[in-house]
């Protein structure tokens, strides 16, 4: 995310450059916390500090995200560090969704124990069991909120903590150079119809 | 920038800084008149356009300061109902709300109305239950102003001789934008069907023009501000010129609640809330109302007085009526090879073969088909996949991968008949953030409009199949519940009993009130209103300036 020669402060300011000064002033510490976290996590490969979630909550939400966009031959929500995006969103843009996460994680626990009475937590289930739990919840507001946040974090700019190494953009062959020259695709490169 | 005190009686106060307001500000201030422009929204990145974000998430979640559109769930609450028997519920109508108005974020389509669109009532004939009427202006009268608008704003396009395209006296100032892969597929399909494809005229410059940079095809286009100033908005074309005259002040976060009148029935100025919601009265000799086809009638209805009990300029009772919101239809498809249509402007190509009303089809109506594939990454992930694909899990990820950049859409812009019952008025219960009655929209399209939409839905499927699509889908048609294309609510006409303004945009009832925006459109055209609004504005300004200079403004 941060490039050599670019100062930390520049990076942080760039990452919020679309925000109004007043908004940034109000939320600046939270933005720094979340961005610091994102960078630490990226460096160490281990979660360092969340701005909102406890480590236990983060593990549960990340397990959900990893079922929504699973890892196969290409990176999924876990490698894209979508959990960073969600954590950061909950202390900035989406503060009002905090109670929905607290309540939703209780629903997840209830649903987990209902289907698998011996289970300790959702993230400890096998993948098949997790899919069964989420399938039972897939119409719930909480599941849909996590889905929206997971997809958004996977495809939003890496400046927001997710889409690490542009994993989401690579999956869909999105080139973020913001400067393109025609022909753009296969059909407009055909000489007979391209112009 | 020039600043006027509210107690200074300026020559013109202009309400709104968008497609029409920006032109009025520039034309009047360069003619030497003192002008105050009141804009409800903020500055956006006016004068520092390079700071417009291309970050999809930030653009979707703007701070108040960075908002470019009105907020129907917040400050600009509005309501919607199908008909008078229903109780209106929360609406989603939204419009450009920033210096430059909707032109800051629009796709930029800049089609002229065709000559016969100004007289369809007499050529097509009356349609029962509708308010179809001829315009008091002809295409021939407006043509020079279309040309002026195209050259002063900066429109990219190709001049084509076709009965389906308005004749032009001059070429476009810059060449057309890239056709894109979706446009190339249009050509493949159209060749089989015998239809013709043209580059759509668009208010985005394909090469540098008037000191502005050419479009870099970034792809973060409609809905975003343009960071290279290639989109020919009022904010980068008209308003900077107006400011430099030293005769024009633009005041942002200025929300007008009333146009004030005196005992003789003339405007004296306007009352607005400043950013701190403090009421201010700006004195003015004349008022120009360019607040868009929905806010313009609302403000007139809010400006009730003993002399104007049904709202200002409303002795006809038609203020707010004949609302046309902006109907469309279309289809989407997947193709074998990648299109990468996320690059470039929203649409490069159009099919105009069905622009006319054809009596053989059995309904009034026509429209234009546009090729597009606009899918920004978050939007694609959340709602861009073909119907029936998994919403999460392995199947979802597989679809994300397989469909990415293989999709195109056909989006058709379709006629909507003016109906007296479709209208903007004041909600009796809901208030906006300033405590004023919220806008209430009542709208159900005419049966012919639904037939026209279905016709274009079928045509969309037809061209996608002819182009060789692997899979085609099309949602059932439905009419609009609110849009940036709202028109018709202060129609122009020669008869004060059936129209709100005369052919020079002067309110029949109020000699020093001029209304210039989409509200004046008598018929809706093919739902591409901006270029006609701009041409009308240049023409209105011309006539106002001529009359004002010889002291005959109130006789226009």
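The values are calculated or read from the model by the stated rules, or taken from the named source; none is laboratory data. Keep in mind the model is a prediction, meaning the values are calculated, not measured. Counting neighbours? That spans all protein chains shown, and the Cβs are built from the backbone with ideal geometry, glycine included.
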Odd one out for residue A:60 among (1) away from chain B (no Cβ under 13 Å); (2) touching a residue at least 60 places away in the same chain (Cβ under 8 Å); (3) in a loop (DSSP other than H, G, I, E, B): (3)
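Scan the range B:164-180 residue by residue and report those that are more than 14 Å from chain A (Cβ to nearest Cβ) and without any contact (Cβ under 8 Å) to a residue 60 or more places away in the chain. First the steps, then the outcome.
Kept after step one, since they are more than 14 Å from chain A (Cβ to nearest Cβ), are these residues of the range B:164-180: B:164-174.
The answer is B:166, B:167, B:168, B:169, B:170, B:171, B:172, B:173, B:174.
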Residues (part of a loop (DSSP other than H, G, I, E, B) and facing chain B (nearest Cβ under 8 Å)) located in the range A:135-156: A:138, A:156
Some residue of the range B:19-29 being assigned to a loop (DSSP other than H, G, I, E, B) and either in contact with a strand residue (DSSP E or B) (Cβ under 6 Å, 6 or more places away or on another chain) or touching a residue at least 60 places away in the same chain (Cβ under 8 Å) (or both): no
Count of residues meeting criterion [surrounded by fewer than 19 Cβ atoms within 10 Å (Cβ to Cβ) and either part of a loop (DSSP other than H, G, I, E, B) or touching a residue at least 40 places away in the same chain (Cβ under 8 Å) (or both)] in the range B:378-400: 8
Unique residue being more than 14 Å from chain A (Cβ to nearest Cβ) and touching a strand residue (DSSP E or B) at 6+ places or on another chain (Cβ under 8 Å) when the list is B:157, B:125, B:183: B:157
Residue check for residue B:232: more than 19 Å from residue B:339 (Cβ to Cβ) and surrounded by 19 or more Cβ atoms within 10 Å (Cβ to Cβ): yes
Yes/no for residue B:501 being in contact with a strand residue (DSSP E or B) (Cβ under 6 Å, 6 or more places away or on another chain) and under 30 Å from residue B:389 (Cβ atoms): no
Hey, residue B:380 within 19 Å of residue B:522 (Cα to Cα) and either out of contact with any strand residue (DSSP E or B) (no Cβ under 8 Å at 6 or more places or on another chain) or within 9 Å of chain A (Cβ to nearest Cβ) (or both) or not: no
Search result, residues across the range A:183-195 that are facing chain B (nearest Cβ under 7 Å) and surrounded by fewer than 19 Cβ atoms within 10 Å (Cβ to Cβ): A:190, A:195
Index of the failed condition, residue B:47 passing every other in (1) outside any helix (DSSP H, G or I); (2) over 24 Å from the mean Cα position of the chain (by Cα): (2)
Test: residue in the range A:1-8 that is within 14 Å of chain B (Cβ to nearest Cβ) and at pLDDT below 85: yes
Any chance residue A:101 is modelled with pLDDT of 95 or more and buried (at least 20 other Cβ atoms within 10 Å of the Cβ): yes
Strands (runs of 3 or more DSSP E) contained in the range B:235-279 and holding at least 3 residues modelled with pLDDT under 95 and farther than 24 Å from residue B:105 by Cα: none
Among residues of the range B:114-137, those that are exposed (fewer than 13 other Cβ atoms within 10 Å of the Cβ), at negative phi and not in a helix (DSSP H, G or I), counted: 2
Residue list for the range A:97-121, restricted to those being in contact with a helix residue (DSSP H, G or I) (Cβ under 9 Å, 6 or more places away or on another chain), free of Cβ contacts under 8 Å to residues at least 12 places away in the same chain and part of a helix (DSSP H, G or I): A:102, A:114
Unique match (being surrounded by 18 or more Cβ atoms within 10 Å (Cβ to Cβ), more than 14 Å from chain A (Cβ to nearest Cβ) and within 25 Å of residue B:226 (Cβ to Cβ)) among B:39, B:56, B:49: B:39
Residues located in the range A:122-134, provided they are in contact with a helix residue (DSSP H, G or I) (Cβ under 9 Å, 6 or more places away or on another chain), away from chain B (no Cβ under 13 Å) and surrounded by fewer than 23 Cβ atoms within 10 Å (Cβ to Cβ): A:123, A:124, A:125, A:129
Pair list, Cβ under 8 Å, 6 or more apart: the range A:157-182 residue at the interface with chain B (Cβ under 9 Å from one of its Cβ atoms) and touching a residue at least 24 places away in the same chain (Cβ under 8 Å), other residue part of a helix (DSSP H, G or I) and surrounded by fewer than 19 Cβ atoms within 10 Å (Cβ to Cβ): A:159/A:14; A:171/B:401
Failed condition for residue A:89, given (1) surrounded by 23 or more Cβ atoms within 10 Å (Cβ to Cβ); (2) within 13 Å of another protein chain (Cβ to nearest Cβ); (3) touching a residue at least 60 places away in the same chain (Cβ under 8 Å); (4) touching a helix residue (DSSP H, G or I) at 6+ places or on another chain (Cβ under 6 Å): (4)
Residue in the range B:314-337 that is surrounded by 23 or more Cβ atoms within 10 Å (Cβ to Cβ), touching a strand residue (DSSP E or B) at 6+ places or on another chain (Cβ under 6 Å) and part of a loop (DSSP other than H, G, I, E, B) present: yes
Meets criteria (under 17 Å from the mean Cα position of the chain (by Cα) and at negative phi) for residue B:73: no
